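Single-structure report; data block below.
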Amino acid sequence: MSYSISLTVNGAQRRVQLDDPRVTLLDLLRERLDLTGTKKGCDRGQCGACTVLVDGRRINSCLALAVTLDGADISTIEGLADGDTLHPVQAAFIEHDGFQCGYCTPGQIMSAVGLISEGHAGDDPERVREGMSGNLCRCAAYHGITEAVVDATRRMAETTERKSA
Amino acid sequence: MKRFDYIRPVSVDDAVAAFRPGAAYLGGGTNLLDLMKIGVIQPDTLIDLGRIAELGPIEMLPGGGARVGALVRNSDLAYDRAFAAAFPMVAEAILAGASGQLRNAATVGGNLMQKTRCAYFQDPHSACNRREPGSGCAARGGDNANLAVLGWSDACIATNPSDMCVPLAALGAVVEVQGPAGKRDIPIADFHQLPGDQPETETALQPGELVIAIRLPTEAADFARNARYLKVRERTSFAFALVSVAAALKLDGQKIIAARIALGAVAAKPWRVTAAEDLLVGQAPTEEAFARAADALLEGARASGDNGYKIELARRAVIRALQMSAAGTPKRMPALPASPFGDVAEEHSHV
């Protein structure tokens, strides 16, 4: 049996024919849609390297079957920047040394974008650390990651204020 | 992962009608899919509940109770203002579990249905009576430091890993289920089963039955002003409990009118003993009174391996959680939900 699904991936409509319902969103992105920015770490929902936004919410793409997501809006690290202009979270990770080897970074950044839009952590470092605990970093760049997320949160709030003023 | 057929019904009736032995209902998938990947569960059909709108709503009921659909995501329930205000320790427990990503996907029904995290259950090559009846229990002679100290049997010493179910048990929640024989209510105290000599029977569900909602009774909202969840674990976030406690009090000045206490991570189900709660009625909220309740709650506890430490840890955690609830529900969710290292100086709602 074959399953046809349609997804919006980083703003573009994609129609995908799945000949096997076992394909996860993570494997679909990496193996079928050539979007290898999303990383496979543990493949069990424990490391967060595969974090993407589905309908604006951050989830572990390794624990989502693609076939269940027919009609969903997917955002990955590849869709975050506006041309050559980095997203504020991406810029803040560079500025604050929020990584070392970089393998967990796409997941960290997508998780941070999700966390900021959830709006529960604000710029409180303790709440940011708690909110980012689903993303492991084996280089232990946690200090820089926390600083980057706090800084990006503040900058994005300022931009929103300026726009609404 | 074993190949399966995939179907996506749009009503509970259709989902139940589609059930056959060997099929599994799929909610958020955060536990089921993980176990399918490692071969612990091998359904031949997945019945995806994700498009069943009737499983979706959170309803605050007249008089103070609530009804929560089985497909409500954990994060949506914890951050629902009305629900969290009425049942703060449920919100705190949910936010003390898993990670932001997992809570965004995991559902209320799936949380009730989640499997034990016993390492031997999760390893298809190990003996496990729960996974494979009659194969034995590798945990008895293995790494069992975080396994059960209450209600266990020679056949199985696994614990239920849920945080959310602990305050639900304390508050006397009801699980609404639907199956081939129709709808029925199961009190949460009867939902999860102790292992006995049939540890493979994990819940009171009959084949094909599906959790459709949980209901919190009217009186559960009486505890909103003094209700806390305390979770002791090996790291402060994204770890399962060694011991957890949901503790709630109804106070009249310096007198306890009613108390609710349940322990998590000590048995195959949330552990509640109403006789322990009754000991607190009419008492002042003192450490001595809390210690008597803790002793009564832990009566009969015994180590099933290298886990005797959990008995004293649980006793102290119960006292601590009751003290935290006596101090009042925090106005705002603590930065570290349920943590013993939380900010105790935060403002409390009752002052």
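The values are calculated or read from the model by the stated rules, or taken from the named source; none is laboratory data. Not measured: the values here are computed from a predicted model. In this analysis, Cβ positions are derived from the backbone assuming ideal geometry, glycine residues included, and neighbour counts consider all displayed protein chains. The protein model used for the area step is the full one, side chains on, heavy atoms only, and it has no ligands, DNA or RNA in it. Shrake-Rupley method; radii C 1.70, N 1.55, O 1.52, S 1.80 Å.
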Of all residues making up region A:59-108, the number that are part of a loop (DSSP other than H, G, I, E, B) and either of a type in the set (A, V, I, L, M, F, W, C) or in contact (Cβ under 8 Å) with a residue 60 or more places away in the chain (or both): 12
Total residues in region B:262-279, condition over 19 Å from the mean Cα position of the chain (by Cα) and under 17 Å from residue B:98 (Cα atoms): 0
Per-region count, region B:235-261, residues within 19 Å of the chain's Cα centre (by Cα), open to solvent by 40 Å² or more (accessible area, probe 1.4 Å) and at pLDDT 95 or above: 1
Unmet requirement for residue B:158, which otherwise passes all of (1) open to solvent by 20 Å² or more (accessible area, probe 1.4 Å); (2) of a type in the set (A, V, I, L, M); (3) not in a helix (DSSP H, G or I): (1)
Hits in region B:50-82 - residues which are open to solvent by less than 10 Å² (accessible area, probe 1.4 Å), part of a loop (DSSP other than H, G, I, E, B) and either within 12 Å of another protein chain (Cβ to nearest Cβ) or more than 21 Å from residue B:114 (Cβ to Cβ) (or both): B:65
Residues satisfying the stated conditions in region B:1-21, i.e. open to solvent by 40 Å² or more (accessible area, probe 1.4 Å) and either away from chain A (no Cβ under 13 Å) or of a type outside the set (A, V, I, L, M, F, W, C) (or both): B:2, B:3, B:5, B:8, B:13, B:14, B:17, B:19, B:20, B:21
Of the criteria (1) open to solvent by less than 30 Å² (accessible area, probe 1.4 Å); (2) over 17 Å from residue B:328 (Cβ atoms); (3) in contact (Cβ under 8 Å) with a residue 40 or more places away in the chain, which one residue B:297 fails: (3)
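Restricting region A:42-58 to residues that are open to solvent by 10 Å² or more (accessible area, probe 1.4 Å) and in a loop (DSSP other than H, G, I, E, B), which is nearest to the other protein chains (Cβ to nearest Cβ)?
From region A:42-58, those open to solvent by 10 Å² or more (accessible area, probe 1.4 Å) are A:42-44, A:46-47, A:53-57; that's our starting set.
From what's left, in a loop (DSSP other than H, G, I, E, B): A:42-44, A:46-47, A:55-56.
Numbers: A:42: 10, A:43: 7, A:44: 5, A:46: 8, A:47: 10, A:55: 10, A:56: 10 Å.
Filtering region A:42-58 for residues that are open to solvent by 10 Å² or more (accessible area, probe 1.4 Å) and in a loop (DSSP other than H, G, I, E, B), the one nearest to the other protein chains (Cβ to nearest Cβ) comes out as A:44.
Could you tell me how many of the residues in region A:59-69 are at the interface with another protein chain (Cβ under 8 Å from one of its Cβ atoms), farther than 22 Å from residue A:104 by Cβ and open to solvent by 10 Å² or more (accessible area, probe 1.4 Å)?
As a first pass, look at region A:59-69 and keep what is at the interface with another protein chain (Cβ under 8 Å from one of its Cβ atoms): A:59-60, A:63-65, A:67-68.
Adding the requirement that they be farther than 22 Å from residue A:104 by Cβ leaves A:65, A:67-68.
Then keep just the ones that are open to solvent by 10 Å² or more (accessible area, probe 1.4 Å); that gives A:68.
Adding up the residues that qualify gives 1.
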Residue under evaluation residue A:146, criteria (1) closer than 22 Å to residue A:79 by Cβ; (2) polar (S, T, N, Q); (3) within 14 Å of chain B (Cβ to nearest Cβ); (4) part of a helix (DSSP H, G or I), criterion not met: (1)
Enumeration of residues in region A:30-41 that are in a helix (DSSP H, G or I) and either closer than 20 Å to residue A:101 by Cβ or in contact with a strand residue (DSSP E or B) (Cβ under 7 Å, 6 or more places away or on another chain) (or both): A:30, A:32
Top-ranked residue of region B:22-31 - restricted to ones that are facing chain A (nearest Cβ under 10 Å) and touching a residue at least 60 places away in the same chain (Cβ under 8 Å), ranked as farthest from residue A:3 (Cα to Cα): B:31
Any chance residue B:163 is within 22 Å of the chain's Cα centre (by Cα) and either of a type in the set (Asp, Glu) or assigned by TED's automatic domain parsing to the domain that holds residue B:191 (or both): yes
Residue satisfying all of: in region B:99-116; in a loop (DSSP other than H, G, I, E, B) and within 14 Å of chain A (Cβ to nearest Cβ); surrounded by the fewest Cβ atoms within 10 Å (Cβ to Cβ) among these: B:115
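Go through B:119, B:96, B:148 for me and flag whichever is among the aliphatic types (A, V, I, L, M), under 19 Å from residue B:270 (Cα atoms) and within 14 Å of another protein chain (Cβ to nearest Cβ). Write out each step before concluding.
Working: B:119 fails: under 19 Å from residue B:270 (Cα atoms); B:148 fails: within 14 Å of another protein chain (Cβ to nearest Cβ).
The match here is B:96.
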Residues (under 15 Å from residue B:319 (Cα atoms) and buried (at least 24 other Cβ atoms within 10 Å of the Cβ)) located in region B:262-279: B:262, B:263, B:264
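Taking region A:108-143, which residues are within 20 Å of residue A:40 (Cα to Cα), more than 9 Å from chain B (Cβ to nearest Cβ) and either touching a Leu at 6+ places or on another chain (Cβ under 8 Å) or surrounded by 21 or more Cβ atoms within 10 Å (Cβ to Cβ) (or both)? Steps first, please.
Taking region A:108-143 and keeping what is within 20 Å of residue A:40 (Cα to Cα), we get A:108-114, A:132-142.
Still in the running and more than 9 Å from chain B (Cβ to nearest Cβ): A:108-110, A:112-113, A:137-142.
Hits for region A:108-143 are A:108, A:109, A:110, A:112, A:113, A:137, A:141.
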Filtered residues of region B:189-217 (kept if more than 30 Å from residue B:15 (Cα to Cα) and touching a residue at least 60 places away in the same chain (Cβ under 8 Å)): none
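Does residue A:96 meet the test of being away from chain B (no Cβ under 12 Å), crowded, with 18+ Cβ neighbours inside 10 Å and within 15 Å of the chain's Cα centre (by Cα)? Walk me through how you get there before you give the answer.
Numbers: away from chain B (no Cβ under 12 Å): yes; crowded, with 18+ Cβ neighbours inside 10 Å: yes; within 15 Å of the chain's Cα centre (by Cα): no.
Considered against the rule, which asks whether it is away from chain B (no Cβ under 12 Å), crowded, with 18+ Cβ neighbours inside 10 Å and within 15 Å of the chain's Cα centre (by Cα), residue A:96 comes out as no.
In this structure, does residue B:194 turn out to be open to solvent by 40 Å² or more (accessible area, probe 1.4 Å), outside the structural domain of residue B:250 (by TED's automatic domain parsing) and not in a helix (DSSP H, G or I)? Can you show your working first?
Numbers: open to solvent by 40 Å² or more (accessible area, probe 1.4 Å): yes; outside the structural domain of residue B:250 (by TED's automatic domain parsing): yes; not in a helix (DSSP H, G or I): yes.
Answer is yes for this residue.
Looking only at region A:70-92, how many residues end up being within 10 Å of another protein chain (Cβ to nearest Cβ) and among the acidic types (Asp, Glu)?
Kept after step one, since they are within 10 Å of another protein chain (Cβ to nearest Cβ), are these residues of region A:70-92: A:70-71.
Those still in the list that are among the acidic types (Asp, Glu) too: A:70.
Count: 1.
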Subset of region B:29-41 (residues that are touching a helix residue (DSSP H, G or I) at 6+ places or on another chain (Cβ under 7 Å) and either in the same structural domain as residue B:103 (by TED's automatic domain parsing) or open to solvent by 20 Å² or more (accessible area, probe 1.4 Å) (or both)): B:30, B:31, B:41
